[in-house]
1. With more than 12 Å from the ligand (Cβ to nearest atom), open to solvent by 50 Å² or more (accessible area, probe 1.4 Å), on the phi > 0 side of the Ramachandran plot and out of contact with any Asp or Glu (no Cβ under 6 Å at 6 or more places or on another chain) as the only criterion, which of 304, 334 stands out?
2. Give the residues of region 229-247 that are in a strand (DSSP E or B) and buried (at least 24 other Cβ atoms within 10 Å of the Cβ), sorted by residue number.
3. Somewhere in region 310-323, is a residue more than 16 Å from the ligand (Cβ to nearest atom), over 31 Å from the mean Cα position of the chain (by Cα) and open to solvent by 90 Å² or more (accessible area, probe 1.4 Å)?
4. Could you give me the residue pairs with C-beta distances under 6 Å whose first residue belongs to region 188-202 and is under 16 Å from residue 139 (Cα atoms), whose second residue is modelled with pLDDT under 75 wherever it lies, and which are 6+ apart or on separate chains?
5. Name the pairs: first residue in region 357-373 and in the same structural domain as residue 226 (by TED's automatic domain parsing) and in a loop (DSSP other than H, G, I, E, B), second residue open to solvent by 20 Å² or more (accessible area, probe 1.4 Å) and near the ligand (Cβ under 10 Å from one of its atoms), Cβ to Cβ under 7 Å, at least 6 apart or on different chains?
6. Quick one: in region 289-300, of everything that is acidic (Asp, Glu) and either away from the ligand (no atom under 16 Å from the Cβ) or loosely packed, with under 14 Cβ neighbours inside 10 Å (or both), which residue is nearest to residue 263 (Cα to Cα)?
7. Could you check how many residues of region 180-219 are at pLDDT 90 or above and either outside the structural domain of residue 232 (by TED's automatic domain parsing) or within 18 Å of the chain's Cα centre (by Cα) (or both)?
8. Going by the conditions given, is residue 250 assigned by TED's automatic domain parsing to the domain that holds residue 367, modelled with pLDDT under 95 and more than 20 Å from residue 362 (Cα to Cα)?
Amino acid sequence: MVQPDATGRRVVLGVAGGIAAYKACEVVRRLRDAGCDVTVVPTANALKFVGETTWAALSGKKINTDVWSDVTEVPHVRLGQTADLVMVVPATADLLSRAATGRADDLLTNVLLTAHCPVVMFPAMHTEMWQHAATVENVATLRRRGVVVKDPASGRLTGADSGPGRLPEPDEITEIALRIMAGGAEASAAAAGQDLAGRHVVVSAGGTHEALDPVRYLGNSSSGLMGVAIAREAALRGARVTLVAANMQATPPSGVEVRPVVSTADLARVMGELAPAADAIVMAAAPADFTPEQQADSKIKKDGHGGLTLHLVQTTDVLKSLTAARAQDGERTGQVIVGFAAETAPDHDELLRIGAAKLARKGCDLLVLNDVSGGKVFGHSTTQITVISPDGPVAEVAGTKSEAAVAIVDALSGRLSQGV
Ligand code: CTP
């Protein structure tokens with residue numbers, strides 16, 4: 001988790017009229033905890049969800065929604081011009097439309113027109129509204145102008161329905177805001193730490209289970225922590241992320257779509273389905289290399305068995321099948337595929353040699369070599385990695401999995417931008 005010093009940074013937090021406005025209360029609190037000076041600018045409709053008193057108490061400032069109050073201070077110009085960051089949490093379909101067409105019919109839209117700083121919007125609405133052609137075009141217009149528009153998370157919406165349209169959780173929104181401010185004053189997406197905006201990244205994580213019978217399986221103890229850290233980092237940097245989760249213990253980050261899988265065959269199927277439209281694929285999962293040739297339909301009983309002999313057959317090498325499919329697909333040049341390898345080696349040079357051979361064998365663009373010589377395998381929050389490309393080592397990290405994820409996503413982003 002990046003915690004840049006945000007003391008004294010001026011944030012204008014616009015709130016549009018959607019039920020998710022309640023989550024913005026927590027964002028105000030967290031930004032103030034980080035030292036920010038926060039001015040909340042709700043729309044008139046936002047006040048139907050969360051009242052003026054709440055915003056004033058949380059921000060410590062008087063609340064205006066229109067341009068007719070405190071006119072001597074010209075807040076509609078001053079607020080935008082002096083802010084370090086303007087954010088809209090949540091941005092409704094109506095707000096996106098007004099911002100895209102340059103309307104100036106309330107204080108928030110005036111602020112958006114006078115902002116010199118990065119602007120980030122967090123849309124939240126029903127799936128139909130988010131996917132409507134009008135909203136899609138408005139979002140594209142805003143992004144073209146340098147506004148960072150985060151894709152909403154998928155999950156439960158108001159009422160019984162679920163799908164894309166959900167506001168990310170306050171901690172994620174706050175972290176994105178702090179990162180953007182740390183990234184500098186330019187409003188471009190890349191400068192605002194959003195180098196993966198518009199990219200689709202598919203990350204596999206966890207360990208697969210191969211069923212022996214209805215109650216038993218062969219598996220491994222991969223926690224999924226590394227894959228989750230990578231998914232989180234990519235999402236924070238603007239990517240749409242799909243996490244293909246094999247029996248993970250780690251909690252998935254809130255802003256990503258999760259596709260649960262159980263066995264290596266499931267993993268191969270789902271990755272094969274997602275791969276053609278992915279800009280980058282990270283195979284952080286630990287798939288079982290072998291599966292029982294036959295799965296018993298009923299529980300295997302111990303009576304009558306002196307022991308049990310299993311016959312195992314090899315599973316699909318998912319990574320290899322993804323790089324092979326890419327090689328066949330003329331449309332997929334530029335896709336970046338990242339593999340992992342946990343290896344033991346007597347020294348670093350030997351580790352690099354083993355890694356280079358595996359990278360070539362698997363046909364991937366980057367390989368994250370995990371030195372497990374000291375017995376550190378799964379479930380630890382720290383790790384030691386070397387990222388290699390066909391040209392040699394790209395990065396080395398001995399630290400937390402979050403720090404490793406930053407280095408891995410840096411390398412991935414670098415290759416994506418080179419178009420190789
Ligand atoms: N992998 C995969 N499908 C498998 C096994 C592994 O896609 N059935 C992927 C892993 O997700 C990882 C990479 O391949 O990204 C390397 O895994 P590893 O187990 O080191 O590869 P192997 O080819 O099994 O190498 P070894 O023979 O050294 O075990």
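The values are calculated or read from the model by the stated rules, or taken from the named source; none is laboratory data. Source: prediction; values computed, not measured. Note that we place each Cβ from the backbone using ideal geometry, even for glycine, and neighbour counts take in every protein chain shown. Surface accessibility is based on the protein's heavy atoms, side chains included, excluding ligands, DNA and RNA. Shrake-Rupley method; radii C 1.70, N 1.55, O 1.52, S 1.80 Å.
1. On the way: 334 fails: open to solvent by 50 Å² or more (accessible area, probe 1.4 Å).
After ruling out the rest, the residue left standing is 304.
2. Keep residues of region 229-247 that are in a strand (DSSP E or B), which gives 240-246.
Matches in region 229-247: 241, 243, 244, 245, 246.
3. Filtering region 310-323 for residues more than 16 Å from the ligand (Cβ to nearest atom) gives 310-311.
With over 31 Å from the mean Cα position of the chain (by Cα) added as a condition, the list becomes 310-311.
Keeping just the survivors that are open to solvent by 90 Å² or more (accessible area, probe 1.4 Å) gives 311.
The answer is yes, given that some residue of region 310-323 is more than 16 Å from the ligand (Cβ to nearest atom), over 31 Å from the mean Cα position of the chain (by Cα) and open to solvent by 90 Å² or more (accessible area, probe 1.4 Å).
4. Once the first residue is under 16 Å from residue 139 (Cα atoms) and sits in region 188-202, its partners that are modelled with pLDDT under 75 give 197/189.
5. 363/320; 372/342; 372/343
6. Here is the first cut: in region 289-300, the ones acidic (Asp, Glu) are 289, 293, 297.
With the extra rule that they be either away from the ligand (no atom under 16 Å from the Cβ) or loosely packed, with under 14 Cβ neighbours inside 10 Å (or both), the set shrinks to 293, 297.
Values: 293: 13, 297: 16 Å.
Looking at the filtered set, the residue picked out is 293.
7. Of the residues in region 180-219, the ones at pLDDT 90 or above are 196, 199-219.
Next, only the ones that are either outside the structural domain of residue 232 (by TED's automatic domain parsing) or within 18 Å of the chain's Cα centre (by Cα) (or both) stay: 196, 199-206.
Counting residues in region 180-219 that are at pLDDT 90 or above and either outside the structural domain of residue 232 (by TED's automatic domain parsing) or within 18 Å of the chain's Cα centre (by Cα) (or both) gives 9.
8. Values: assigned by TED's automatic domain parsing to the domain that holds residue 367: yes; modelled with pLDDT under 95: yes; more than 20 Å from residue 362 (Cα to Cα): yes.
Taking the combined requirement at face value, the residue satisfies it.
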